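Asker: Here it is, the structure, as structure tokens.
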Amino acid sequence: IFIFILDFSKAMSQAGSSQFQEVIRQELEYSMKVELDKILATAHSNEVEHTKKDLEGFKKLFHRFLQEKGPSVDWGKIQRPPEDSIQPYEKIKARGLPDNIASVLNKLVVVKLNGGLGTSMGCKGPKSLIGVRNENTFLDLTVQQIEHLNKSYNTDVPLVLMNSFNTDDDTKKILQKYSHSRVKIYTFNQSRYPRINKETLLPIAKDVSYSGENTECWYPPGHGDIYASFYNSGLLDNLIAEGKEYIFVSNIDNLGATVDLYILNHLMNPPNGKRCEFVMEVTNKTRADVKGGTLTQYENKLRLVEIAQVPKAHVDEFKSVSKFKIFNTNNLWIALSAIKRLQEKNAIDMEIIVNPKTLDGGLNVIQLETAVGAAIKSFENSLGINVPRSRFLPVKTTSDLLLVMSNLYSLNAGSLTMSEKREFPTVPLVKLGSSFTKVQDYLRRFESIPDMLELDHLTVSGDVTFGKNVSLKGTVIIIANHGDRIDIPAGALLENKIVSGNLRILDH
């Protein structure tokens, strides 16, 4: 079987016969089943049930991966969504709010996707525990926002965190600090799937453990896993029993994703009397968002199309801001009863994302993942709402961190709002070089965060530091060549300036 598997791709291309391909597929599925059974046999009695569920879910995904070949969308079938399927936020807001907004709020649950680590920013542990503003972490700000809602309207909106095996322990330790806050916090874990060797298509894990040298053998399979994990945890049923009707799902690192009462009211009291089961917040693309997933009409359903699904010949067309004007913010409003119904029928259909990785030792592996927004086509009466850009404020890099730490934003009850003193509603374009990638290096290079109220564009490259009370206006480009260092002195005003070479102000 082993040689058989290694020649899988060669055989697939040479064999015209679908029958032969089917035999190959069956061999692969059988080999995978054997390996997964071996892994399951190493589980302790208290882990067996949980591990079994994870591996069953993985097996289904692997089966579909073997069935599907090539891009998962037929480009010719992609159409622009009908006018009324993507509503402008202004129209939703113009309806105002009912007197009983508290009773509407009491039907809501806030869910934050909290499976990611801070490794891309040079931090250990969950990304949600990185300090972003006045020593507040992403998690602190989230709790403050919901607590403010509950106090203002005398409601009971709970917070649910979807953790991964990477973030669960550290997150649970930190949750004790919120025990006196006016927010009920629940957690559940997303699945843990085995990474597979790109050549053999077999798991690299030999047992269930995921510590020590085994940490690289496992991965959380993307946020599309929320439906099955939420359902399997029992929490979905508990929340429905408490009278909750909708979840608002977003990435914990999107600081713009706050509870919006107008959207919630539109869901609970629809103007045409027919409730939406799924609402996706989209916003207008800028040049920075050309790779973002977009909403299209496909086979008479709203469908999220990601760049990975687009045939190569059409990638440039997909990136065009004129044809595909909006992208998915991953702020989603979903009916709990619909998740339960679809999950019980095994009817949630999401495209598989094949994510190739190279491990530290050089081994090439693949991860099979799904995305939460891709399920939109499985729900009834779905809707897109075109929201202001302010609802999409993700912090993926230290360049994003500089923006949210600056005076461009003010912080109130956990929510960031653009300063009224800024004349343009757009955010400046900031590109910090590799010397700033890690949070600790970034913090070391700024004695204080510069005044950026009138900044349009900032590029910084090389060994650069900023003194206290620096002001940046217009377009500022600072480039220290290799071996050079630039220290921007305290109190400096840089307006439409290019600074390069070597600049050091020495104290006498």
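The values are calculated or read from the model by the stated rules, or taken from the named source; none is laboratory data. Computed from a predicted structure; not experimentally measured. Cβ: placed from backbone, ideal geometry, glycine included. Neighbour counts: every protein chain shown. For accessibility, only protein heavy atoms count, side chains too; no ligands or nucleic acids. Shrake-Rupley method; radii C 1.70, N 1.55, O 1.52, S 1.80 Å.
Asker: Take the residues in region 291-309 that are open to solvent by less than 30 Å² (accessible area, probe 1.4 Å) and small (Gly, Ala, Ser), then tell me which one is farthest from residue 333 (Cα to Cα).
Answerer: From region 291-309, those open to solvent by less than 30 Å² (accessible area, probe 1.4 Å) are 292-298, 302-305, 309; that's our starting set.
This time we only want the ones that are small (Gly, Ala, Ser), so: 292-293.
Numbers: 292: 19, 293: 17 Å.
Within region 291-309, the match that is farthest from residue 333 (Cα to Cα) is 292.
Asker: Got a number for residues in region 175-213 being assigned to a strand (DSSP E or B) and either hydrophobic (A, V, I, L, M, F, W, C) or buried (at least 17 other Cβ atoms within 10 Å of the Cβ) (or both)?
Answerer: 8
Asker: Tell me, please, whether a residue that is assigned by the TED database to the domain that holds residue 373, under 20 Å from the mean Cα position of the chain (by Cα) and under 15 Å from residue 108 (Cβ atoms) can be found in region 259-271.
Answerer: yes
Asker: Could you please find all residues in region 398-426 being within 24 Å of the chain's Cα centre (by Cα), of a type in the set (A, V, I, L, M, F, W, C) and over 23 Å from residue 491 (Cα atoms)?
Answerer: Scanning region 398-426 gives 411, 413, 416, 418.
Asker: Identify, from the list 100, 114, the residue that is out of contact with any His (no Cβ under 8 Å at 6 or more places or on another chain), without any contact (Cβ under 8 Å) to a residue 40 or more places away in the chain and in the same structural domain as residue 257 (by the TED database).
Answerer: 100
Asker: Which pairs do you get when a residue that is outside the structural domain of residue 203 (by the TED database), found in region 43-56, comes within reach of a residue that is open to solvent by less than 100 Å² (accessible area, probe 1.4 Å) and among the charged types (D, E, K, R), reach meaning Cβ atoms under 9 angstrom, with the pair 6+ apart or on two chains?
Answerer: Sorted first by the residue in region 43-56, then by its partner, the pairs are 43/52; 43/207; 50/192; 51/192; 54/192; 55/37.
Asker: Only one of 348, 353, 307, 334 is among the β-branched types (Val, Ile, Thr) and free of Cβ contacts under 8 Å to residues at least 60 places away in the same chain; which? I'd like the intermediate steps shown before the answer.
Answerer: Numbers: 348 fails: free of Cβ contacts under 8 Å to residues at least 60 places away in the same chain; 353 fails: free of Cβ contacts under 8 Å to residues at least 60 places away in the same chain; 334 fails: free of Cβ contacts under 8 Å to residues at least 60 places away in the same chain.
Result of the check over 348, 353, 307, 334: 307.
Asker: Identify the residue in region 188-213 that is touching an Asp or Glu at 6+ places or on another chain (Cβ under 7 Å) and polar (S, T, N, Q) and, among all such residues, is nearest to residue 373 (Cα to Cα).
Answerer: The residue in question is 190.
Asker: Considering only residues that are open to solvent by 20 Å² or more (accessible area, probe 1.4 Å) and not in a loop (DSSP other than H, G, I, E, B), look in region 269-290 and name the one that is modelled with the highest pLDDT.
Answerer: Taking the candidates together, the pick is 284.
Asker: Answer yes or no as to whether residue 455 is open to solvent by less than 20 Å² (accessible area, probe 1.4 Å), among the hydrophobic types (A, V, I, L, M, F, W, C) and within 24 Å of residue 489 (Cβ to Cβ).
Answerer: It is true that residue 455 is open to solvent by less than 20 Å² (accessible area, probe 1.4 Å), among the hydrophobic types (A, V, I, L, M, F, W, C) and within 24 Å of residue 489 (Cβ to Cβ).
Asker: For a quick check of your reading: which strands (runs of 3 or more DSSP E) sit entirely within region 32-143 and have at least 1 residues that are among the basic types (Lys, Arg)? I'd like the intermediate steps shown before the answer.
Answerer: Numbers: elements: 86-88, 108-114, 131-133.
Qualifying strands (runs of 3 or more DSSP E): 108-114, 131-133.
Asker: May I pose another question? Filter region 136-156 down to residues that are under 19 Å from the mean Cα position of the chain (by Cα) and not acidic (Asp, Glu) and give me whichever is surrounded by the fewest Cβ atoms within 10 Å (Cβ to Cβ). Step through it out loud before you land on a result.
Answerer: Here is the first cut: in region 136-156, the residues under 19 Å from the mean Cα position of the chain (by Cα) are 137-143.
Filter again for not acidic (Asp, Glu), leaving 137-139, 141-143.
Numbers: 137: 18, 138: 24, 139: 25, 141: 22, 142: 25, 143: 21.
Step by step, filter region 136-156, then rank; the result is 137.
Asker: Give me the pairs, please: first residue somewhere in region 389-403 and more than 11 Å from residue 431 (Cβ to Cβ) and of a type in the set (Lys, Arg), second residue anywhere and in a helix (DSSP H, G or I) and modelled with pLDDT under 95, beta-carbon distance under 8 Å, and either six or more positions apart or on two chains.
Answerer: Within 8 Å, the pairs are 396/120.
Asker: Going by what's in this entry, would residue 303 be described as in a helix (DSSP H, G or I) and under 24 Å from residue 267 (Cα atoms)?
Answerer: Numbers: in a helix (DSSP H, G or I): no; under 24 Å from residue 267 (Cα atoms): yes.
When the stated conditions are applied, residue 303 does not pass them.
Asker: Out of 481, 469, 502, which single residue is at pLDDT 95 or above and either surrounded by fewer than 16 Cβ atoms within 10 Å (Cβ to Cβ) or out of contact with any strand residue (DSSP E or B) (no Cβ under 8 Å at 6 or more places or on another chain) (or both)?
Answerer: Result: 469 is the single residue among 481, 469, 502 that is at pLDDT 95 or above and either surrounded by fewer than 16 Cβ atoms within 10 Å (Cβ to Cβ) or out of contact with any strand residue (DSSP E or B) (no Cβ under 8 Å at 6 or more places or on another chain) (or both).
Asker: Restricting attention to region 439-450, report how many residues are surrounded by fewer than 17 Cβ atoms within 10 Å (Cβ to Cβ) and either of a type in the set (A, V, I, L, M, F, W, C) or not in a helix (DSSP H, G or I) (or both).
Answerer: Total meeting the criteria: 3.
Asker: Kindly list, by first and then second residue, each pair from a residue in region 287-304 that is of a type in the set (Lys, Arg) to a residue that is open to solvent by 80 Å² or more (accessible area, probe 1.4 Å) and in a helix (DSSP H, G or I), limited to pairs with Cβ atoms under 7 Å and residues at least 6 apart or on different chains.
Answerer: none
Asker: Just give me the residues in region 214-261 being among the polar types (S, T, N, Q), open to solvent by 30 Å² or more (accessible area, probe 1.4 Å) and part of a helix (DSSP H, G or I), in sequence order.
Answerer: Passing the criteria: 215, 232, 233, 238.
Asker: Moving to a separate point now. Going through 249, 208 one at a time, which residue ends up being farther than 17 Å from residue 117 by Cα and modelled with pLDDT of 95 or more?
Answerer: Just one listed residue meets the conditions, 249.
Asker: Then there is this: Can you list the helices (runs of 4 or more DSSP H) found entirely within region 310-427 that contain at least 1 residues being farther than 30 Å from residue 473 by Cα and either modelled with pLDDT of 90 or more or open to solvent by less than 10 Å² (accessible area, probe 1.4 Å) (or both)?
Answerer: Once the helices (runs of 4 or more DSSP H) in region 310-427 are filtered for at least 1 residues that are farther than 30 Å from residue 473 by Cα and either modelled with pLDDT of 90 or more or open to solvent by less than 10 Å² (accessible area, probe 1.4 Å) (or both), what remains is 315-319, 336-344.
Asker: So if I check each of 441, 456, which one is touching a strand residue (DSSP E or B) at 6+ places or on another chain (Cβ under 7 Å) and either under 13 Å from residue 397 (Cα atoms) or acidic (Asp, Glu) (or both)?
Answerer: Just a single option satisfies the conditions, and that option is 456.
Asker: Could I ask something else about it? For region 1-41, which residues satisfy the criterion of being modelled with pLDDT of 65 or more, of a type in the set (Val, Ile, Thr) and either in contact with a helix residue (DSSP H, G or I) (Cβ under 7 Å, 6 or more places away or on another chain) or open to solvent by less than 60 Å² (accessible area, probe 1.4 Å) (or both)?
Answerer: 24, 34, 39
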